1. What about Ile75, is it of a type in the set (A, V, I, L, M, F, W, C) and either under 27 Å from Gly197 (Cβ atoms) or surrounded by fewer than 16 Cβ atoms within 10 Å (Cβ to Cβ) (or both)?
2. Based on this model, can you work out whether Leu181 counts as among the aliphatic types (A, V, I, L, M) and over 18 Å from Cys77 (Cα atoms)?
3. I want to confirm something. Restricting to the range 101-123 and keeping residues that are over 26 Å from Ser78 (Cα atoms) and within 21 Å of the chain's Cα centre (by Cα), which single residue is surrounded by the fewest Cβ atoms within 10 Å (Cβ to Cβ)?
4. Just to be sure I understand, how many residues within the range 81-117 are more than 15 Å from the ligand (Cβ to nearest atom) and not in a strand (DSSP E or B)?
5. Take the range 272-293 and flag every residue that is without any contact (Cβ under 8 Å) to a residue 60 or more places away in the chain and part of a loop (DSSP other than H, G, I, E, B).
6. Taking the criterion of being outside any helix (DSSP H, G or I), touching a Gly at 6+ places or on another chain (Cβ under 8 Å), crowded, with 17+ Cβ neighbours inside 10 Å and modelled with pLDDT of 95 or more, would at least one residue in the range 18-36 satisfy it?
7. Determine if the range 177-188 includes at least one residue that is more than 14 Å from the ligand (Cβ to nearest atom) and either touching a residue at least 24 places away in the same chain (Cβ under 8 Å) or among the small types (Gly, Ala, Ser) (or both).
8. Has the range 215-230 got any residue that is within 10 Å of the ligand (Cβ to nearest atom), buried (at least 21 other Cβ atoms within 10 Å of the Cβ) and either farther than 23 Å from Leu20 by Cβ or more than 14 Å from the chain's Cα centre (by Cα) (or both)?
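The values are calculated or read from the model by the stated rules, or taken from the named source; none is laboratory data. Keep in mind that what you see is a predicted model, and the values were worked out from it rather than measured. Cβ atoms come from the backbone with ideal geometry, glycine included; neighbour counts cover every protein chain shown.
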Amino acid sequence: MASAFENKILEMRDKHEISLDLLTYILKESTEDERKFLCEKAQEVSQKIFGKSVYLRGLIEFTNYCKNDCYYCGIRCSNKNASRYRLSEEEILSCCEKGAELGFKTFVLQGGEDPYYNDDRICAIVRAIKEAHPDCAVTLSIGEKSYESYQRYFEAGADRYLLRHETANEEHYAMLHPKNLSGAHRKQCLRDLKKIGYQVGCGIMLGTPGQTVAHIYEDIQFMQELQPHMIGIGPFIAHKDTPFKDQPSGSAEETILLLAILRLLFPKVLLPATTALGTADAFGREKGILAGANVIMPNLSPSNVRDKYLLYDGKICTGEEAAECNACLRARMKKIGYTVVDSRGDHPDFA
Ligand code: SAM
């Protein structure tokens with residue numbers, strides 16, 4: 001007979017709802033066996049929709065200049081120790097070329113909020129990638145912009161946009177960011193992106209200073225309202241040159257449990273097992289996939305800039321070439337019985 005806990009998990013799976021009490025219990029009090037049950041159910045849901053396939057996203061970290069000063073981030077503008085770089089359009093295209101040869105069908109352009117890349121430049125880069133690789137999706141992750149800018153990137157061919165909301169709670173947002181940034185504006189950006197027609201990803205870091213389970217519950221409520229196509233979850237990891245340098249890192253285990261919960265609440269969502277998770281736990285990405293995640297994001301950035309895009313200390317894969325990263329992750333997935341598929345990996349509603 002199913003235990004009371006198991007029944008609650010099955011009810012969450014069937015109704016796509018969770019209470020604050022259950023969330024607290026899972027993250028803070030559940031037993032090994034209960035965690036195992038939750039992850040198995042999440043994996044079942046993921047396999048029912050996506051099979052044992054894992055989608056690849058080629059991450060191109062094209063600038064580490066940033067005008068923002070987020071307290072947690074290693075590339076914040078006031079970190080004078082960061083060695084800054086920008087990739088040219090040619091360099092970005094060459095990363096895509098390499099990625100295409102390795103079988104990638106999605107390129108994620110991520111960077112700090114760098115005014116050098118104005119709308120004309122971003123649109124030109126997106127157009128050039130789509131022209132060279134018409135079968136590939138382009139994802140942008142370049143922060144908060146105006147509705148008009150988002151519209152222009154979309155018309156230039158961008159398919160998806162990642163913008164973690166970081167925390168849905170305004171007071172908590174103010175603990176993590178300077179006064180010129182607001183959670184309300186970030187949420188509005190996500191609504192704008194969705195309205196324009198992007199596949200949209202929001203998300204949070206687990207274990208940021210001041211975060212409570214009630215905050216995570218608010219995050220889930222915001223996600224239920226937004227209904228994102230992707231959710232990016234990774235542990236917070238301190239960076240030595242930030243105000244949070246002495247803060248403890250987020251837990252890989254709680255991140256994995258949250259991935260499983262999100263898979264049950266949002267069955268069709270694209271859920272990456274992130275590099276931060278792989279940094280916090282050497283097998284974090286594998287454990288993430290086994291808890292319902294279905295996306296991995298190997299790094300395609302040129303090896304000479306990788307150790308400069310340091311959002312947090314100890315980031316893995318900074319010494320590797322794109323081909324090594326790709327081969328390593330494919331082998332890791334194979335080892336746990338999953339196959340990396342060479343498809344665009346759109347959200348099922350867009351496929
Ligand atoms: N500028 C864009 C933006 O604001 O969305 C994209 C780049 S930003 C560096 C990408 C993500 O890195 C953030 O949304 C944040 O969640 C994550 N990040 C930053 N610092 C981190 C840290 N110390 N530990 C873990 N993740 C971090």
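1. Against the criterion (of a type in the set (A, V, I, L, M, F, W, C) and either under 27 Å from Gly197 (Cβ atoms) or surrounded by fewer than 16 Cβ atoms within 10 Å (Cβ to Cβ) (or both)), Ile75 does not qualify.
2. No; evaluated as a whole, the condition is false for this residue.
3. By that ranking, first place goes to Gly103.
4. 19
5. Of everything in the range 272-293, those that are without any contact (Cβ under 8 Å) to a residue 60 or more places away in the chain and part of a loop (DSSP other than H, G, I, E, B) turn out to be Ala273, Thr274, Asp281, Ala282, Phe283.
6. no
7. yes
8. No, the conditions are met nowhere in the range 215-230.
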